[in-house]
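Down below is the structure, laid out as C-alpha coordinates.
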Amino acid sequence: MIDPIPAVPHLEEGAGPGTAEELPDPEPAGDPVMSLQGVTVAFAGRKAVRDVSFDVHVGEITALIGPSGSGKTTLLRALNRMHDTVRTASVTGTVLLDGTDIYAPTTDPTLLRSRVGMVFQRPNPFPTMSIYENAVAGLRFNGVRKKALLDEAAESALVAAVLWDSVRDRLNAHASTLSGGEQQRLCIARALAVEPEVLLMDEPTSALDPIATKRIEELVGELKHRVTIIIVTHNMQQAMRVSDRCAFLLMGEDKAGELIEFGSTAKLFSEPSDPRTLDYVNGRFG
(Lines give C-alpha, C1' and ligand atoms only; values in the text may rest on other atoms or scores of the structure.)
Protein backbone atom coordinates (compact mmCIF):
# COMPACT_ATOMS: atom_id res chain seq x y z
CA MET A 1 0.00 0.00 0.00
CA ILE A 2 1.39 3.38 -0.93
CA ASP A 3 1.38 6.25 1.53
CA PRO A 4 -1.61 8.52 1.01
CA ILE A 5 -0.84 11.93 -0.40
CA PRO A 6 -1.72 15.09 1.50
CA ALA A 7 -5.34 16.03 1.15
CA VAL A 8 -6.13 17.73 -2.13
CA PRO A 9 -9.45 18.84 -3.58
CA HIS A 10 -11.02 16.14 -5.70
CA LEU A 11 -14.31 14.78 -6.86
CA GLU A 12 -16.30 13.17 -4.11
CA GLU A 13 -16.26 9.39 -4.24
CA GLY A 14 -19.03 8.22 -6.51
CA ALA A 15 -19.32 11.55 -8.25
CA GLY A 16 -19.51 11.44 -11.99
CA PRO A 17 -18.30 13.73 -14.73
CA GLY A 18 -19.72 17.22 -14.53
CA THR A 19 -20.48 17.06 -10.80
CA ALA A 20 -17.61 19.41 -9.97
CA GLU A 21 -16.02 22.29 -11.80
CA GLU A 22 -13.42 20.67 -14.01
CA LEU A 23 -9.83 21.84 -14.13
CA PRO A 24 -8.71 22.54 -17.68
CA ASP A 25 -5.56 20.81 -18.88
CA PRO A 26 -2.93 23.54 -19.37
CA GLU A 27 -1.42 23.99 -22.78
CA PRO A 28 1.89 22.12 -23.19
CA ALA A 29 5.07 24.15 -22.66
CA GLY A 30 6.40 23.14 -26.09
CA ASP A 31 5.93 20.90 -29.09
CA PRO A 32 5.92 17.11 -28.71
CA VAL A 33 9.48 15.78 -28.64
CA MET A 34 8.35 12.17 -28.22
CA SER A 35 5.10 10.53 -29.23
CA LEU A 36 3.93 7.06 -28.16
CA GLN A 37 1.34 5.51 -30.45
CA GLY A 38 -0.15 2.16 -29.42
CA VAL A 39 3.08 0.98 -27.79
CA THR A 40 2.98 -2.66 -26.67
CA VAL A 41 5.88 -4.54 -25.06
CA ALA A 42 5.84 -8.33 -24.82
CA PHE A 43 8.24 -10.98 -23.54
CA ALA A 44 8.05 -14.44 -25.08
CA GLY A 45 4.72 -13.42 -26.54
CA ARG A 46 3.22 -12.36 -23.21
CA LYS A 47 2.26 -8.69 -23.08
CA ALA A 48 3.75 -6.63 -20.24
CA VAL A 49 2.47 -3.26 -21.49
CA ARG A 50 -0.42 -2.88 -23.91
CA ASP A 51 -1.44 -0.13 -26.35
CA VAL A 52 -0.04 2.97 -24.62
CA SER A 53 -0.40 6.32 -26.39
CA PHE A 54 0.52 9.83 -25.25
CA ASP A 55 2.78 12.75 -26.22
CA VAL A 56 5.76 14.08 -24.27
CA HIS A 57 6.33 17.80 -24.72
CA VAL A 58 9.50 19.87 -24.75
CA GLY A 59 10.19 21.63 -21.46
CA GLU A 60 7.98 19.38 -19.35
CA ILE A 61 8.47 16.58 -16.84
CA THR A 62 6.21 13.59 -17.40
CA ALA A 63 5.80 11.12 -14.53
CA LEU A 64 4.84 7.47 -15.00
CA ILE A 65 2.91 6.34 -11.93
CA GLY A 66 1.09 3.17 -10.95
CA PRO A 67 1.41 0.08 -8.73
CA SER A 68 4.32 -2.33 -8.97
CA GLY A 69 3.90 -4.60 -11.97
CA SER A 70 1.92 -2.10 -14.01
CA GLY A 71 4.70 -1.78 -16.60
CA LYS A 72 6.17 1.65 -15.84
CA THR A 73 9.83 0.65 -16.07
CA THR A 74 9.13 -1.72 -18.97
CA LEU A 75 7.57 1.17 -20.89
CA LEU A 76 10.38 3.56 -19.94
CA ARG A 77 13.07 1.16 -21.18
CA ALA A 78 11.24 0.82 -24.50
CA LEU A 79 11.76 4.53 -25.13
CA ASN A 80 15.46 4.13 -25.86
CA ARG A 81 15.40 0.52 -27.06
CA MET A 82 16.89 -1.03 -23.94
CA HIS A 83 14.87 -4.18 -24.60
CA ASP A 84 16.92 -4.81 -27.74
CA THR A 85 19.29 -6.98 -25.70
CA VAL A 86 16.47 -9.23 -24.46
CA ARG A 87 16.04 -12.07 -26.98
CA THR A 88 12.39 -12.73 -26.14
CA ALA A 89 11.33 -9.06 -26.10
CA SER A 90 9.25 -7.41 -28.80
CA VAL A 91 8.02 -3.83 -29.06
CA THR A 92 5.16 -2.95 -31.39
CA GLY A 93 3.38 0.31 -32.06
CA THR A 94 5.32 3.48 -32.75
CA VAL A 95 7.67 5.66 -30.73
CA LEU A 96 8.56 8.90 -32.51
CA LEU A 97 11.45 11.13 -31.47
CA ASP A 98 11.15 14.47 -33.24
CA GLY A 99 9.08 12.66 -35.86
CA THR A 100 11.57 9.82 -36.41
CA ASP A 101 10.53 6.23 -35.64
CA ILE A 102 13.08 5.01 -33.10
CA TYR A 103 12.37 1.37 -34.05
CA ALA A 104 12.85 1.94 -37.78
CA PRO A 105 15.57 -0.29 -39.33
CA THR A 106 17.55 2.83 -40.21
CA THR A 107 17.68 4.07 -36.59
CA ASP A 108 21.03 3.40 -34.87
CA PRO A 109 20.30 2.32 -31.27
CA THR A 110 23.66 3.67 -30.05
CA LEU A 111 23.02 7.11 -31.49
CA LEU A 112 19.46 6.97 -30.17
CA ARG A 113 20.75 6.47 -26.62
CA SER A 114 22.82 9.61 -26.99
CA ARG A 115 19.62 11.49 -27.77
CA VAL A 116 17.54 9.69 -25.12
CA GLY A 117 19.61 9.28 -21.95
CA MET A 118 18.89 7.05 -18.96
CA VAL A 119 19.37 7.37 -15.20
CA PHE A 120 18.74 4.19 -13.25
CA GLN A 121 17.16 3.42 -9.91
CA ARG A 122 20.46 2.91 -8.12
CA PRO A 123 23.48 5.12 -8.79
CA ASN A 124 25.76 3.26 -11.19
CA PRO A 125 28.92 5.28 -11.76
CA PHE A 126 31.97 3.35 -12.93
CA PRO A 127 33.57 2.83 -9.50
CA THR A 128 37.18 2.41 -10.65
CA MET A 129 37.02 5.50 -12.87
CA SER A 130 37.53 9.06 -11.71
CA ILE A 131 34.75 11.59 -11.32
CA TYR A 132 36.01 13.33 -14.46
CA GLU A 133 36.18 10.14 -16.52
CA ASN A 134 32.67 9.21 -15.44
CA ALA A 135 31.37 12.59 -16.54
CA VAL A 136 32.86 12.27 -20.04
CA ALA A 137 32.40 8.50 -20.49
CA GLY A 138 29.53 8.91 -22.94
CA LEU A 139 31.44 11.42 -25.02
CA ARG A 140 34.49 9.17 -25.18
CA PHE A 141 32.24 6.28 -26.22
CA ASN A 142 30.94 8.48 -29.03
CA GLY A 143 34.47 9.18 -30.24
CA VAL A 144 35.22 12.58 -28.71
CA ARG A 145 38.94 12.77 -27.91
CA LYS A 146 39.85 16.46 -27.84
CA LYS A 147 40.69 17.32 -24.23
CA ALA A 148 39.42 20.89 -24.44
CA LEU A 149 35.99 19.66 -25.55
CA LEU A 150 35.94 16.98 -22.85
CA ASP A 151 36.96 19.49 -20.17
CA GLU A 152 34.26 21.94 -21.22
CA ALA A 153 31.60 19.25 -21.38
CA ALA A 154 32.57 17.80 -17.98
CA GLU A 155 32.37 21.17 -16.27
CA SER A 156 29.10 22.09 -17.98
CA ALA A 157 27.48 18.76 -17.07
CA LEU A 158 28.72 18.81 -13.48
CA VAL A 159 27.49 22.38 -13.06
CA ALA A 160 24.09 21.38 -14.47
CA ALA A 161 23.97 18.45 -12.03
CA VAL A 162 24.80 20.82 -9.13
CA LEU A 163 27.97 18.85 -8.39
CA TRP A 164 30.75 21.04 -9.75
CA ASP A 165 31.37 23.12 -6.62
CA SER A 166 31.85 20.06 -4.43
CA VAL A 167 34.07 18.06 -6.82
CA ARG A 168 36.00 20.65 -8.84
CA ASP A 169 39.11 20.15 -6.70
CA ARG A 170 38.97 16.33 -6.76
CA LEU A 171 38.01 15.44 -10.30
CA ASN A 172 40.64 12.70 -10.35
CA ALA A 173 39.22 10.96 -7.26
CA HIS A 174 37.34 7.69 -7.78
CA ALA A 175 33.60 8.03 -8.15
CA SER A 176 33.24 5.54 -5.30
CA THR A 177 34.42 8.26 -2.88
CA LEU A 178 31.17 10.18 -3.42
CA SER A 179 28.05 9.83 -1.30
CA GLY A 180 25.01 8.04 -2.72
CA GLY A 181 23.29 11.28 -3.63
CA GLU A 182 26.47 12.65 -5.22
CA GLN A 183 26.91 9.44 -7.21
CA GLN A 184 23.38 9.78 -8.58
CA ARG A 185 24.07 13.39 -9.57
CA LEU A 186 27.27 12.20 -11.25
CA CYS A 187 25.19 9.70 -13.24
CA ILE A 188 22.88 12.55 -14.23
CA ALA A 189 25.91 14.63 -15.26
CA ARG A 190 27.21 11.69 -17.33
CA ALA A 191 23.87 11.52 -19.15
CA LEU A 192 23.74 15.30 -19.67
CA ALA A 193 27.28 15.53 -21.08
CA VAL A 194 26.16 14.12 -24.45
CA GLU A 195 23.36 16.71 -24.56
CA PRO A 196 20.34 14.41 -24.90
CA GLU A 197 16.95 15.68 -25.97
CA VAL A 198 15.11 13.42 -23.50
CA LEU A 199 16.26 12.08 -20.14
CA LEU A 200 14.61 8.92 -18.78
CA MET A 201 14.76 8.50 -14.99
CA ASP A 202 13.78 5.21 -13.35
CA GLU A 203 12.96 5.96 -9.70
CA PRO A 204 16.17 7.98 -9.33
CA THR A 205 15.68 8.69 -5.62
CA SER A 206 14.38 5.35 -4.33
CA ALA A 207 17.80 4.34 -2.97
CA LEU A 208 18.57 7.75 -1.44
CA ASP A 209 17.96 9.35 1.95
CA PRO A 210 15.45 12.22 2.29
CA ILE A 211 18.08 14.97 2.06
CA ALA A 212 19.62 13.53 -1.11
CA THR A 213 16.12 12.94 -2.49
CA LYS A 214 15.23 16.61 -1.98
CA ARG A 215 18.37 17.69 -3.81
CA ILE A 216 17.65 15.39 -6.76
CA GLU A 217 14.05 16.64 -6.95
CA GLU A 218 15.25 20.25 -6.97
CA LEU A 219 17.76 19.34 -9.66
CA VAL A 220 15.08 17.66 -11.79
CA GLY A 221 12.97 20.82 -11.59
CA GLU A 222 15.90 22.91 -12.82
CA LEU A 223 16.87 20.50 -15.60
CA LYS A 224 13.54 20.60 -17.42
CA HIS A 225 14.64 23.90 -18.95
CA ARG A 226 17.58 22.01 -20.49
CA VAL A 227 16.17 18.56 -21.27
CA THR A 228 12.72 16.96 -21.43
CA ILE A 229 12.33 14.42 -18.61
CA ILE A 230 10.26 11.25 -18.21
CA ILE A 231 10.43 9.88 -14.67
CA VAL A 232 9.10 6.70 -13.09
CA THR A 233 8.15 7.13 -9.44
CA HIS A 234 6.16 5.21 -6.82
CA ASN A 235 6.13 8.30 -4.60
CA MET A 236 2.91 10.23 -5.15
CA GLN A 237 4.19 13.29 -3.29
CA GLN A 238 7.22 13.30 -5.57
CA ALA A 239 5.07 13.04 -8.68
CA MET A 240 3.05 16.03 -7.48
CA ARG A 241 6.17 18.03 -6.66
CA VAL A 242 8.21 17.51 -9.80
CA SER A 243 5.97 16.64 -12.76
CA ASP A 244 3.88 18.67 -15.18
CA ARG A 245 1.95 15.69 -16.55
CA CYS A 246 1.30 12.15 -15.37
CA ALA A 247 0.56 8.86 -17.04
CA PHE A 248 -1.22 6.43 -14.71
CA LEU A 249 -0.73 2.76 -15.57
CA LEU A 250 -2.55 -0.18 -14.05
CA MET A 251 -2.37 -3.93 -14.60
CA GLY A 252 -5.30 -5.17 -16.65
CA GLU A 253 -7.12 -8.47 -16.36
CA ASP A 254 -4.65 -10.07 -18.76
CA LYS A 255 -1.77 -8.97 -16.47
CA ALA A 256 -0.58 -6.39 -19.01
CA GLY A 257 -0.05 -2.80 -17.96
CA GLU A 258 -2.44 -0.36 -19.60
CA LEU A 259 -2.74 3.41 -19.60
CA ILE A 260 -5.73 4.41 -17.49
CA GLU A 261 -5.33 8.16 -17.64
CA PHE A 262 -2.95 10.82 -18.92
CA GLY A 263 -3.10 14.54 -18.24
CA SER A 264 -1.78 17.45 -16.24
CA THR A 265 -0.55 16.47 -12.79
CA ALA A 266 -2.80 19.03 -11.09
CA LYS A 267 -5.91 17.68 -12.82
CA LEU A 268 -4.99 14.02 -12.43
CA PHE A 269 -4.49 14.40 -8.67
CA SER A 270 -7.51 16.60 -8.00
CA GLU A 271 -10.14 15.76 -10.61
CA PRO A 272 -9.18 12.53 -12.38
CA SER A 273 -11.49 11.22 -15.07
CA ASP A 274 -11.33 7.60 -13.91
CA PRO A 275 -12.31 6.45 -10.40
CA ARG A 276 -9.38 4.01 -10.39
CA THR A 277 -7.01 6.98 -10.63
CA LEU A 278 -8.73 8.62 -7.68
CA ASP A 279 -8.37 5.42 -5.63
CA TYR A 280 -4.68 5.11 -6.45
CA VAL A 281 -3.57 8.68 -5.80
CA ASN A 282 -5.41 8.60 -2.48
CA GLY A 283 -3.73 5.34 -1.43
CA ARG A 284 -6.80 3.12 -1.48
CA PHE A 285 -5.04 0.37 -3.40
CA GLY A 286 -1.61 -0.38 -4.85
Leading residue by the ranking (farthest from the chain's Cα centre (by Cα)) among those in segment 187-198 that are within 23 Å of MET129 (Cα to Cα) and crowded, with 20+ Cβ neighbours inside 10 Å: ALA193
Filtered residues of segment 239-254 (kept if touching a residue at least 40 places away in the same chain (Cβ under 8 Å) and of a type outside the set (Gly, Ala, Ser)): MET240, VAL242, ASP244, ARG245, CYS246, PHE248, LEU249, LEU250, MET251, ASP254
Conditions (1) without any contact (Cβ under 8 Å) to a residue 40 or more places away in the chain; (2) assigned to a loop (DSSP other than H, G, I, E, B): number failed by ASP84: (2)
Subset of segment 159-172 [outside any helix (DSSP H, G or I) and either touching an Asp or Glu at 6+ places or on another chain (Cβ under 7 Å) or charged (D, E, K, R) (or both)]: LEU163, ARG168, ASP169, ARG170
Some residue of segment 207-216 being over 24 Å from THR100 (Cα atoms), of a type in the set (Lys, Arg) and at pLDDT below 95: yes
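The values are calculated or read from the model by the stated rules, or taken from the named source; none is laboratory data. Note that the structure is a prediction, hence the values are computed from the model and not measured. Using ideal geometry, Cβ is built from the backbone for each residue, glycine included, and neighbour counts are taken over all protein chains shown.
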